[in-house]
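Structure record follows, encoded as structure tokens.
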Amino acid sequence: MAVSISSITATLPSHWKYISEGGATIVFSYVGPPNPDFDGMVLRLRKSGVQTPVLEKQVFGTVAEEEEPDDSSVVFQETCMRRLIPSVHLPKLQSVQVEKAWLEELSRAHQQDRPLQRTASGGIDTTKSKAVLATDLVGGSGLAVEIKPKWSFLPNKTYLSADNCAIKANTCRFCMHSRMKFKGGETASLGYCPLDLFSNNRGRMKQAVHSLYDNWLTSDGTINNLKIFVKGTKIGVNQKFSMFSPEAYEESDENVREIFSEAILTLLVNTPVLRVLNKVQRTLDSLDIEGLSLLWREAHSPANPPQSTNGYTSSGRAIGVGEPNPSLADWSAFIDEYLTRSPDLEDLRYYLLAYLLSATFKDCSIMIRMELLDPRRPQEDVDPSKVTVIDLDPKNMNRLSKWEKLDETIVKAYSAVPLADRKTCLDDWVDEA
């Protein structure tokens with residue numbers, strides 16, 4: 001049930017603290033006077049100028065149009081994500097009603113708190129009447145770490161073109177993309193390989209966390225794959241010692257990295273989150289974008305399919321164009337099929353939805369909460385609720401053609417890297433089911 005509109009509009013802009021934002025949402029934490037509706041909660045608001053996921057509620061074959069539906073993240077999690085991710089590792093979400101005047105006031109009050117690069121891409125969408133209220137995963141008196149792990153696997157060689165197989169079957173998508181971004185002058189997580197983090201090998205996992213931390217240091221805390229919050233505030237590199245309890249202050253940078261990494265690994269190794277994400281990512285994306293592109297070409301030009309030498313759509317309708325976005329009922333039916341049987345290879349619609357859902361898991365984040373670091377008190381009991389998977393919004397069908405073009409661009413750029421300089425990523429995943 002949605003929190004009443006009178007309750008939310010009774011709060012002032014000063015009762016909410018700007019936390020962070022991504023491409024589609026802005027997040028505020030409640031810091032006002034005691035209120036049972038909002039204590040320990042954050043408010044996630046949609047941004048303007050951003051196409052939000054299409055996820056319609058269907059009733060007896062028709063679309064209910066009497067009011068704005070709950071945010072797609074709420075209904076999608078309740079209907080779909082709980083079937084794929086253990087509930088203990090999902091955030092608590094509920095719909096909350098908002099109104100235009102209140103949103104405008106909140107936007108004006110916190111505009112100066114937002115990073116300049118974000119303000120250029122839009123602000124709070126004041127036309128929305130509903131938002132998301134969720135458990136505050138970064139607030140409190142302790143430490144919160146956000147990791148965006150990204151792609152966990154190398155693609156199946158079966159569906160790769162001859163031109164691309166040698167590259168894509170040996171170097172993971174993330175490492176190739178990082179190199180391309182770095183060469184283009186962007187901040188990139190060089191040295192970090194997601195396959196190490198997902199390996200279930202503590203040594204390789206520690207190497208991955210070390211790389212994330214080192215990149216956090218060298219990027220002055222701006223790296224996208226690692227964010228650190230202390231007592232509800234995102235910290236920069238010069239605040240790294242604030243991660244420690246006052247009586248456990250550490251002077252050595254090397255000690256900070258080691259203690260930080262061990263604390264993170266204790267929670268990651270002893271919960272199933274990474275193993276679950278690894279499995280759903282790779283089983284949903286069983287064809288790679290190249291195999292999906294081949295299915296698309298064959299379905300839309302069965303008599304005379306366009307020729308392609310590099311595995312990507314070479315002519316005709318771009319992949320995904322004209323294909324309807326899945327409704328909530330479509331997603332529910334898809335997950336029924338995914339969990340119970342292997343579809344025919346010719347089932348294009350199934351594989352389109354599978355790729356979209358895999359993209360959700362490739363782009364999600366993991367929130368890890370713990371007490372302030374203190375090496376004198378190592379963690380012993382692991383509370384699984386302290387590891388939470390977030391950012392599980394469904395993706396739109398129109399993203400497929402963009403992802404295909406990006407994949408082609410990344411592989412083309414990496415093909416120019418001398419063989420001796422190419423990275424070999426180790427994918428030794430074994431399905432434990």
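Here, each number is a calculation from the coordinates, and none is a lab measurement. All figures in this text were calculated on a predicted structure; none of them were measured in a lab. Quick reminder, even Gly has a Cβ in these numbers, built from the backbone with ideal geometry, and neighbours come from all protein chains shown.
Simple rule: put +1 on each Lys or Arg Cβ and -1 on each Asp or Glu Cβ in the stretch 284-433, find the dipole, and look at L356, I335, P384; the Cα lying farthest toward the positive end is L356. Helical content alone sets the calculated 222 nm signal of the chain at -11000 deg cm²/dmol, taking -39,500 (n - 2.57) per DSSP H segment of four or more residues and averaging over every residue.
The spacing between the stretch 187-266 and the stretch 87-143, judged by their C-alpha centroids, is 26 Å. Placing a label point 7 Å from the Cα of T266 along the Cα-to-Cβ direction, the residues of the stretch 366-397 with a backbone N closer than 17 Å are 368-388. Report the residue, chosen from N201, N164, N325, that carries the largest GNM mean-square fluctuation when the chain is represented by alpha-carbon nodes joined by springs under 10 Å. Result for the chain, Cα springs under 10 Å: N201 fluctuates most. Please identify every one of the GluC sites (Glu not before Pro) in the stretch 67-119 that sits in a loop by DSSP and has no more than 10 other beta carbons within 10 Å of its own beta carbon. Sites meeting the loop and neighbour criteria: E67. Based on every Cα atom in the chain, Rg and the maximum pairwise Cα distance Dmax equal 22.4, 74 Å. Summarising the label geometry, the points placed 7 Å from Cα in the beta-carbon direction at S141 and E346 lie 6.5 nm from one another. Take every Cα pair under 8 Å whose residues are at least 6 apart in sequence, average their separation, divide by the length of the chain, and the relative contact order is 21 percent. Estimated at 0.36 nm per residue, the fully extended path between T409 and R317 surpasses their Cα-Cα distance by 31.2 nm. When +1 charges are put on Lys and Arg Cβ atoms and -1 charges on Asp and Glu Cβ atoms, the dipole computed for the stretch 160-277 relative to its Cα centre reaches about 580 debye.
Note on the chain: with charges restricted to the Cβ of Lys and Arg (+1) and Asp and Glu (-1), its dipole about the Cα centre is near 880 debye. Take the Cβ-Cβ distance between S332 and Q239 as r, set R0 to 56 Å, and report the resulting FRET efficiency rounded to the nearest 0.05. The formula returns an efficiency of 0.80 here.
In this structure, D39 and E78 have a Cβ-Cβ separation that, at R0 = 25 Å, corresponds to a calculated FRET efficiency of about 0.65.
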